[in-house]
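A.B. asks: Could you have a look at this structure, given as structure tokens, before my questions?
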Amino acid sequence: MTDTSVDPPRTPRRSTAGAAEGPRPAARRGHRPGPTRPDDGNSTAATRPAGTRPTTARPAEGATGAAHAAPPAVEPSVAGAAGAAGAAGPAGADLHLDLPATGSRRSALMDALREAIRSGRLAPGTRLPPYRALAADLGIARNTAADAYAELVAEGWLTARQGSGTTVAERAEPVPPTRARRSSRPPRPAHDLRQGQPDAAAFPRTAWLAAGRRALTAAPNEAFGPGDPQGRRELREVLADYLARARGVRTDPDRIVVCSGFAHALRLLFDGPRAVLPARTAGPLAVEGYGLAFHRGLLAAAGATTRPLPLDEHGARVGGLAEDPEIRTALLTPAHQFPTGGPLHPGRRAAVVDWARGRGGLVLEDDYDGEFRYDRQPVGALQGLDPERVVYLGTASKSLSPALRLGWMVLPDHLVDRVLAAKGEREAWASALDQLTLAEFIDSGGYDRHVRRMRRRYRDRRDRLVGALAEHAPHIEVTGIAAGLHAVLRLAPGTERSVLKAAAYRGLVLDGLADYRHPLLAAEAMPATDGLVVGYATPPDHAYPAALEALCAILPPPL
């Protein structure tokens, strides 16, 4: 604790040099031993008893230039040390220091002095004001200022000699100021309609905090040790129940492996020396003709070759899988094709599972927003048709937040040990504490309540988007089913690029459909179409009307 008391007047002691030495601060109980505090180098008027003639302090030998001739290298203090020195100490050079209003006074003073020296504002040899005067000037305790001076002396920033005060240590040259690093991130947009992001303001903070408190209270001690690469048993058990109930997944806790998201799952399957499906033996991977370029890039970096499947109103045309004997694995979004928005037709769902059985292959099911369908009950997971031929991949990124970094893989029995070998002996990615909290959040019903609430909110967002288009741009068609966190607006041929330029001019961020097209998808197999991918879930509620207004303003007129 910093001593803020004022020392009582004491009779000054004469040094052998004839200078009056100021009284030293009283020792504080429990104060740790530290470097000797620097001497002020001057007496104070407050320490002279009545009737004693003041004695002018003489600087130590060699200190005259620093004390009287050094040019002021600092800005003047706002308070003015000279005025405060009449009551607390001798007048010293004004010293401008900006200290924050909160936090440790001692640390703040030390940081401010270091920065002033580092930047060259305080040149080597510059004499600092006595710590008593500086303390009065800054409105802090004298002991605090004395301790800060002493620590900086010990660190080599300052030098102090008995009777000559405290000066900036001699250095060859001041350290040049560090240039501020320019951020490569673009400025925050005026209107954000990017796809794939839930409303961050809607994260259930109170319910999540309560679930975390209950989970930590009930957690066994071993939960705070090295993590199990398969994931916490508590989470795998509640996931098995939830996925069976809400998504029609057939599994048990021993066939679930927790990961840190969909991209992490792909890396475990395809990348690294212990990849489950190494590119050199697994062959090319079939993917949908439209999808995230990030995922294609991740697969390409792992050495995997991707071959696009054309799309139509019934989803991916999976009949082409049988025509390519090299393909043994297919990555699909059956519940809600990303980004075009259609579900995989029931006949094609059965056909792709039959293909996997007949070829001894695998279907990777990306169920990225399967809970969010608004015109009917969500279609069940493809995995339920054959748990031994479908790898189910889910995350909390769309339902809760991508910041949570939690996902899960529901695996065929023969892949569990291989995935665990790829993860390693200890969990290095997914926090055990977050896993325990999510398990409690699901088990207590908080997850179901949150999903239902967000389903209503996102349905309202989509309805408002459709209503705004009907009023201001009735010629623009919204494609796909009423589901998910985004919608695709079909544009007239040749207009997509100009519309995106107009959006950028107005500070509106959204994506064009062309960004998602696979570069190897032949035009004769699936002609390119112009369109906008609008993420209606991204803005907070208060910003959504303005975002819709900006969107309608950049849409092209009817031809």
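A.B. asks: Considering every residue within the range 440-457, establish whether at least one is in contact with a Gly (Cβ under 7 Å, 6 or more places away or on another chain) and part of a loop (DSSP other than H, G, I, E, B).
C.D. replies: no
A.B. asks: Which residues, taken from the range 138-170, are out of contact with any strand residue (DSSP E or B) (no Cβ under 6 Å at 6 or more places or on another chain), farther than 13 Å from Leu95 by Cβ, of a type in the set (A, V, I, L, M, F, W, C) and open to solvent by 30 Å² or more (accessible area, probe 1.4 Å)?
C.D. replies: Ala154, Trp157
A.B. asks: Within the set of pairs 6+ apart or on separate chains, which have a first residue in the range 239-260 that is within 21 Å of Ala335 (Cα to Cα), a second that is of a type in the set (S, T, N, Q) and crowded, with 18+ Cβ neighbours inside 10 Å, and C-beta atoms under 6 Å apart?
C.D. replies: Short answer, once both residue conditions are applied: Ala240/Thr251; Val249/Gln383.
A.B. asks: Residues in the range 425-439 that are farther than 12 Å from Ala223 by Cβ and either charged (D, E, K, R) or not in a helix (DSSP H, G or I) (or both): how many? Walk me through it before giving the result.
C.D. replies: Initially, the range 425-439 is screened for residues farther than 12 Å from Ala223 by Cβ, giving 425-426, 428-430, 438.
From the residues that got through so far, the ones that are either charged (D, E, K, R) or not in a helix (DSSP H, G or I) (or both) too are 425-426, 428-430.
Summing the residues that are farther than 12 Å from Ala223 by Cβ and either charged (D, E, K, R) or not in a helix (DSSP H, G or I) (or both) in the range 425-439 gives 5.
A.B. asks: How many residues does the range 283-309 hold that are open to solvent by 20 Å² or more (accessible area, probe 1.4 Å), farther than 30 Å from Val478 by Cα and of a type outside the set (Gly, Ala, Ser)?
C.D. replies: 1
A.B. asks: Enumerate the strands (runs of 3 or more DSSP E) found wholly within the range 310-423, keeping only those where 3 or more residues are within 28 Å of Trp208 (Cα to Cα) and either open to solvent by less than 10 Å² (accessible area, probe 1.4 Å) or at pLDDT 95 or above (or both).
C.D. replies: 390-395, 407-410
A.B. asks: Among the residues that make up the range 281-289, is at least one of them among the β-branched types (Val, Ile, Thr) and not in a loop (DSSP other than H, G, I, E, B)?
C.D. replies: Yes, some residue in the range 281-289 is among the β-branched types (Val, Ile, Thr) and not in a loop (DSSP other than H, G, I, E, B).
A.B. asks: While we're on this one: List the number of the failed condition for Arg247; all other conditions in (1) at pLDDT 95 or above; (2) of a type outside the set (S, T, N, Q); (3) within 21 Å of the chain's Cα centre (by Cα) hold.
C.D. replies: (3)
A.B. asks: Need the failing condition index for Arg497 against (1) in a helix (DSSP H, G or I); (2) open to solvent by less than 50 Å² (accessible area, probe 1.4 Å), just the number.
C.D. replies: (2)
A.B. asks: Across the range 232-274, what is the total count of residues that are farther than 16 Å from Glu440 by Cα, open to solvent by less than 20 Å² (accessible area, probe 1.4 Å) and either among the aromatic types (Phe, Trp, Tyr) or part of a loop (DSSP other than H, G, I, E, B) (or both)?
C.D. replies: So the count comes out to 4.
A.B. asks: Give the residue that is modelled with the highest pLDDT, with candidates limited to residues of the range 173-229 that are out of contact with any Gly (no Cβ under 9 Å at 6 or more places or on another chain), farther than 26 Å from His450 by Cβ and open to solvent by less than 100 Å² (accessible area, probe 1.4 Å).
C.D. replies: Only one residue fits best here, namely Pro220.
A.B. asks: Which one of the conditions (1) within 28 Å of Ala211 (Cα to Cα); (2) assigned to a helix (DSSP H, G or I) does Ala470 fail to meet, given that it meets all the rest?
C.D. replies: Every listed condition holds for Ala470 apart from (1).
A.B. asks: A further question on this structure: I'm trying to understand the selection: among the residues of the range 527-552, which are open to solvent by less than 10 Å² (accessible area, probe 1.4 Å) and either over 17 Å from Leu500 (Cα atoms) or of a type in the set (Val, Ile, Thr) (or both)?
C.D. replies: Listed by number, the residues that qualify are Val533, Val534, Ala537, Pro539, Tyr544.
A.B. asks: Sticking with this one: So, in the range 129-173, exactly how many residues are outside any helix (DSSP H, G or I) and among the aliphatic types (A, V, I, L, M)?
C.D. replies: Of the range 129-173, the ones outside any helix (DSSP H, G or I) are 129-130, 139-141, 156-173.
Applying the additional criterion that residues be among the aliphatic types (A, V, I, L, M) yields 140-141, 158, 160, 168-169, 172.
Result for the range 129-173: 7.
The values are calculated or read from the model by the stated rules, or taken from the named source; none is laboratory data. Quantities reported herein were computed from a predicted structural model and do not represent experimental measurements. Don't worry about glycine lacking a Cβ; one is built from the backbone with ideal geometry, like all the others, and counts go over all protein chains shown. For the accessible areas, the whole protein counts, side chains as well, though only heavy atoms, and no ligand, DNA or RNA atoms are used. Shrake-Rupley method; radii C 1.70, N 1.55, O 1.52, S 1.80 Å.
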